[in-house]
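Notes follow the structure.
The values are calculated or read from the model by the stated rules, or taken from the named source; none is laboratory data. On a predicted model such as this, the values are computed, not experimentally measured, just so you know. Please note: Cβ atoms are built from the backbone with ideal geometry, for glycine as well, and neighbour counts cover all protein chains shown.
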Amino acid sequence: MTIARRDGEVAMGRYVEAIAARMNARVTQVSATIRTALEEDIADLRGSRRTADLLGASVEANVDTLLHALRYDIPVEGIQAPSAAVEYARRLAQQGIPANALVRAYRLGQRRLTEMVFAELHAMNIPAADRITAIEQITAILFDYIDRITEQVVVIYDEERERWLEHRNSLRALRVRELLATRKIVDADAASTAIRYPLRWHHVALVLWYPESEDDEIPRLQQFVRELAQELATDANPLFIATDPACAWAWLPYRADPRDLAAPIRARAVTRPGSPGITIGPAGAGIDGFRTSHRQAERGQAVALARGLPNPILAATDPGLSTAALLGGDLAETRDWVGEVLGHLACDTESDERLRETLRIFLRSGSSFKAAADELGLHFNSVKYRVSRAIVRRGRPIAADRLDVELALLACHWYGPTVLWTHPG
């Protein structure tokens with residue numbers, strides 16, 4: 001095909017128009033070639049038949065729009081992404097295909113289309129100088145179009161990805177809450193599919209939070225749980241459920257009983273600045289273990305919050321914590337009861353705190369002064385003296401109601417000033 005040369009931009013516009021018209025006449029073939037190249041070069045784009053068809057529709061819509069812009073001199077600045085391209089970006093977001101695969105598809109598509117434009121130019125009888133100018137003009141328009149459309153579809157991708165994850169996680173959280181609340185028999189396999197977590201395995205539940213934070217701490221909590229799961233070598237991804245902007249539930253899955261993870265979790269949290277408050281449930285198997293571990297982790301959190309501990313790390317396996325949690329339903333009533341049982345020993349003073357802890361360890365050690373002395377790092381006679389002073393502060397012997405005394409001391413140990421008398425004894 002020969003085109004008579006005209007001076008200036010009018011002639012150049014005719015060249016560009018002719019190239020666009022020639023390619024537009026076989027837009028389906030051009031688009032199919034680009035689609036095939038994309039699927040061959042980008043593994044992430046080789047999806048289901050429906051997704052593949054949508055890729056083809058997106059490519060053809062973009063090629064058609066771009067060729068019309070070239071043919072009719074439509075400014076790129078006013079062009080919006082075709083609806084098929086928008087829908088394809090949303091579909092990739094829903095499927096979790098990385099955004100960089102989408103961006104790369106546009107860049108590779110631009111390169112492939114540019115190659116075909118060059119082929120058309122060589123097939124036309126255009127003076128060499130004009131051919132170079134036409135190439136420069138078309139290349140600039142191609143770049144501007146791809147740059148603009150890529151920016152638009154990435155924004156759409158990000159918005160859809162966020163919306164989709166929020167919707168999916170909301171449904172997941174709802175299913176988890178239902179699973180925790182129901183007492184009915186549950187199909188473990190169906191429930192595992194619904195929440196995307198292996199319920200037949202062994203679990204260690206966590207409750208994590210940042211005390212008094214008013215910021216959105218969920219990303220930090222998610223990152224902490226991900227890193228913790230990697231360090232503790234879980235056998236699948238942890239389950240993470242946000243409960244408010246500064247608190248979350250998590251479960252660590254294992255195929256076999258992981259035993260007590262409290263020590264390594266504490267070690268991890270202690271070495272990381274800004275770690276959240278954490279309460280750790282006991283390892284449990286199956287759906288019942290999933291529920292029980294979480295329930296005990298929640299009880300531990302209730303104790304930590306009542307005590308007002310800054311960023312605590314408590315485990316249900318800590319001696320006496322689970323029992324103390326049962327005393328936290330009505331702390332005002334517990335405080336009155338502790339006062340009745342311990343007398344002046346329930347006063348909130350440093351000296352009474354030392355006496356209470358010594359007596360608690362002594363009773364827990366089977367009333368052995370030696371065992372208590374070893375645990376406390378004190379001399380045998382020091383323990384004996386403190387135990388004697390504690391009984392005096394209480395005002396009566398402990399033989400008749402020893403169990404009450406132990407429970408009251410346990411409440412003081414875990415709840416601190418919340419269950420103590422504030423007046424001096």
Legend entry - Matching residues in region 240-266 - criterion: being at pLDDT 90 or above and surrounded by fewer than 17 Cβ atoms within 10 Å (Cβ to Cβ): Arg255, Ala256, Asp257, Ala263, Pro264, Arg266
Legend entry - Count of residues meeting criterion [of a type outside the set (S, T, N, Q) and either at pLDDT 90 or above or closer than 20 Å to Val155 by Cβ (or both)] in region 46-68: 12
Inset, instruction - Among residues belonging to region 379-424 that are surrounded by fewer than 15 Cβ atoms within 10 Å (Cβ to Cβ) and of a type in the set (Gly, Ala, Ser), point out the one that is farthest from Leu327 (Cα to Cα). - result: Ser388
Legend entry - Residue, surrounded by the fewest Cβ atoms within 10 Å (Cβ to Cβ), within region 301-341, restricted to residues that are of a type in the set (D, E, K, R) and modelled with pLDDT under 90: Asp330
Inset, instruction - Please tell me if Val204 is under 32 Å from the mean Cα position of the chain (by Cα) and in the same structural domain as Glu298 (by TED's automatic domain parsing). - result: yes
Legend entry - Matching option when the condition is over 21 Å from His413 (Cα atoms) and modelled with pLDDT under 90, among Arg291, Arg272: Arg272
Inset, instruction - Could you list, in sequence order, all residues of region 91-105 that are at pLDDT 90 or above, in contact with a helix residue (DSSP H, G or I) (Cβ under 7 Å, 6 or more places away or on another chain), surrounded by fewer than 22 Cβ atoms within 10 Å (Cβ to Cβ) and in a helix (DSSP H, G or I)? - result: Ala99, Ala101, Val103
Inset, instruction - Quick one: Ser365 ticks every box in (1) in contact (Cβ under 8 Å) with a residue 12 or more places away in the chain; (2) in contact with a helix residue (DSSP H, G or I) (Cβ under 7 Å, 6 or more places away or on another chain) except a single one, so which number is it? - result: (1)
Inset, instruction - Scan region 203-212 and give yes if some residue there is of a type in the set (D, E, K, R) and more than 23 Å from Val303 (Cα to Cα), otherwise no. - result: no
Inset, instruction - Output the residue which, of all residues in region 114-128 that are assigned to a helix (DSSP H, G or I) and of a type in the set (A, V, I, L, M, F, W, C), is surrounded by the most Cβ atoms within 10 Å (Cβ to Cβ). - result: Val117
Inset, instruction - Mind counting the residues in region 201-228 that are touching a helix residue (DSSP H, G or I) at 6+ places or on another chain (Cβ under 7 Å) and farther than 19 Å from Leu261 by Cβ? - result: 0
Inset, instruction - Starting from region 315-341, keep only residues that are under 26 Å from Gly281 (Cα atoms), then list their pairs with residues that are among the acidic types (Asp, Glu) whose Cβ atoms are within a distance under 9 Å, requiring at least 6 positions of separation or different chains. - result: Ala315/Asp260; Thr317/Asp260; Gly320/Glu406; Ala325/Glu298
Legend entry - Which listed residue is assigned by TED's automatic domain parsing to the domain that holds Ala316 and either acidic (Asp, Glu) or in contact with a Phe, Trp or Tyr (Cβ under 9 Å, 6 or more places away or on another chain) (or both), from Leu228, Leu221: Leu221
Inset, instruction - Say whether the condition of being out of contact with any helix residue (DSSP H, G or I) (no Cβ under 7 Å at 6 or more places or on another chain), acidic (Asp, Glu) and without any contact (Cβ under 8 Å) to a residue 24 or more places away in the chain is met by at least one residue in region 292-306. - result: no
Legend entry - Close pairs from region 151-164: first not assigned by TED's automatic domain parsing to the domain that holds Ile79 and aliphatic (A, V, I, L, M), partner surrounded by fewer than 18 Cβ atoms within 10 Å (Cβ to Cβ) and not in a helix (DSSP H, G or I), Cβ under 7 Å, at least 6 apart: none
Inset, instruction - Test Ala43 against the criterion of being small (Gly, Ala, Ser) and either over 28 Å from the mean Cα position of the chain (by Cα) or not assigned by TED's automatic domain parsing to the domain that holds Val155 (or both), and give yes or no. - result: no
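Residues are listed down the side, and each one gets a yes or a no for (1) surrounded by 14 or more Cβ atoms within 10 Å (Cβ to Cβ); (2) of a type in the set (S, T, N, Q):
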{"residue": "Ala181", "(1), (2)": "no, no"}
{"residue": "Trp201", "(1), (2)": "yes, no"}
{"residue": "Trp209", "(1), (2)": "yes, no"}
{"residue": "Glu212", "(1), (2)": "no, no"}
{"residue": "Leu221", "(1), (2)": "yes, no"}
{"residue": "Glu231", "(1), (2)": "no, no"}
{"residue": "Thr234", "(1), (2)": "yes, yes"}
{"residue": "Pro238", "(1), (2)": "yes, no"}
